[in-house]
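Please treat every number below as a calculation from the coordinates, not as lab data. Everything numeric here is computed off the predicted structure, so don't read it as measured data. Cβ sites come from the backbone with ideal geometry, for glycine too, and all protein chains shown count toward neighbours.
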Amino acid sequence: MAETKAPPATTEPKAPAAYLAEARKILDGDATIPVQREHLMALRPELLPAPLGDPQVYAKLSPDGKLVVVKATLCLKEELGHLYEVKGKVGISSVGYHELNRYAAVSLVGPVTLSTPEGERPNPWLEMDEKTGYVKAVRVRRVAFGLSPIGSLAVIDRSFRYDLRTYLLEEATKAAVKTPSMGTFMLADQVAEYEQTEKKRGWFVLLEPPVGLWLNLAHAEVRGLLETHTQRLRFAERTATSICERNALRAHPAIAKSQVEAHGAKLRTQETNIGDFVADLMRERMASDLALLNGGAIRTNRTVPVGPLTKRDVHSLLPFTNVVLKLEMSGGDLRRALERGLAQTDREGGGFLQVSGIRLAWDARRPAGRRLVSAEVGGKPLAAEALYTVAVPGYLWRGGDGFTEFAGAKVLVGDENGPNLTQLVLDAIAHRNAIAPQPDGRLRVVER
């Protein structure tokens, strides 16, 4: 009879408590193991429903201490805040990385201290402006630790400095370059003479002494920038922590190689109730024939429920500083602008237009530039030679999202006198108490 051999001895995986204790040693600098090691525990192949090393694999510990590996393609959606767009590029938000982490199970820890140029400081650390007494920057440190797709322990340590003044100056500088009426660059010793000559009061910020930026405080967009800055001050620590956690999760191997399927927003491809609501408010406030709003100006496509909206809701929907202008345009230029917006459905671009005062039918199967089937303003076909008054955000007038059709339009109400879009919505909600927007078919897709 053949000799029966005993099965090879196996080492049981460490329990979660032991695993966390080992990870905390790494955070405290007392670890006797490297930051990444190939075998955190003995692997038992019969427990693995997916192979280690695959970028679609997520490895985690079960409550009884066993290594469990699953394989998945994850779906992130902009309507749930998982994605954002900057300059035509889509990125994953902090909310999106936390959604990925539901599968990766990476732990986030805030160490007690962080490093600054002045030495070790408590985490988080608020840097105060000695002149104003306000927070000028926030430093945050977060450590992400968890299992990589090959089953090893990986630890990512990230620090982030959220400089509020830099954000404000960058936005103000870009805005002043695009819209000279908002502000101008000058020397510090020219400010008094300039204000006396122009009979304007402003805010002068030194950029690179003695050169600075003078901002017109009477300008609606400048006031909008300052309001946005005030909101940043209120939530500076929360924002800094969110960004730091996103950076740590983004760099962790458990998530960095995730297979992600991105779903674009309805605002960039079709009519939505919130798009209708905001565009209608623009047209009513400016007493124009129609209103056009780039879908990217609204940063969520969730359905707005019947009932009250809070100020925070509105700021999350319309986070950008946008002044509404009133233009006079020909029907031909309007048609070209509408075609440009419809062309962006191919890439779910932010320039897809939400509309008011006009009803469109369009065919997505047609080539870009020839998708508009019909367009009616006030129940009559859009006429190429006729003139129409149009309410648009300043972003479109300045050529945002590639729109050149608005640049030659006659300006009836400019950016110095137009209302701030966010405030317009807030005022409307305060007046109406509650809203119940419903799509009405103004953007109809032709299907054969």
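For a quick check: with amide H placed at 1.01 Å from N, whose amide H comes under 5 Å from Leu114's, ignoring anything fewer than 5 positions away on the same chain?
So Leu114 has HN proximity to Arg121, Asn123.
Extension gain Arg201-Arg161, at 0.36 nm per residue separation less the Cα-Cα distance, in nm?
In short, 11.1 nm is gained.
Given 0.36 nm per residue, what is the gain on full extension from Val411 to Ala218 after removing their alpha carbon distance, in nm?
That works out to 67.6 nm of additional length.
So for Lys200, Lys131, fewest C-beta neighbours within 10 Å to most, what's the order?
Details: Lys200 13, Lys131 7.
Ordered by Cβ neighbours within 10 Å, fewest first: Lys131, Lys200.
Fully extended, how many nm does the chain gain between Arg398 and Leu169 (0.36 nm per residue separation, minus their Cα-Cα distance)?
Gain on extension, Arg398 to Leu169, equals 80.5 nm.
Along Cα→Cβ, 7 Å out, is where each label goes; now give me the distance between the ones at Ala384 and Val445 in nm to one decimal.
2.9 nm
Label-point separation (nm) for Leu233 and Tyr194, each offset 7 Å from Cα along Cα-to-Cβ?
2.3 nm
Counting only other residues whose beta carbon sits under 13 Å from that of Gly394, what net charge do I get with K and R as +1, D and E as -1?
That works out to 0.
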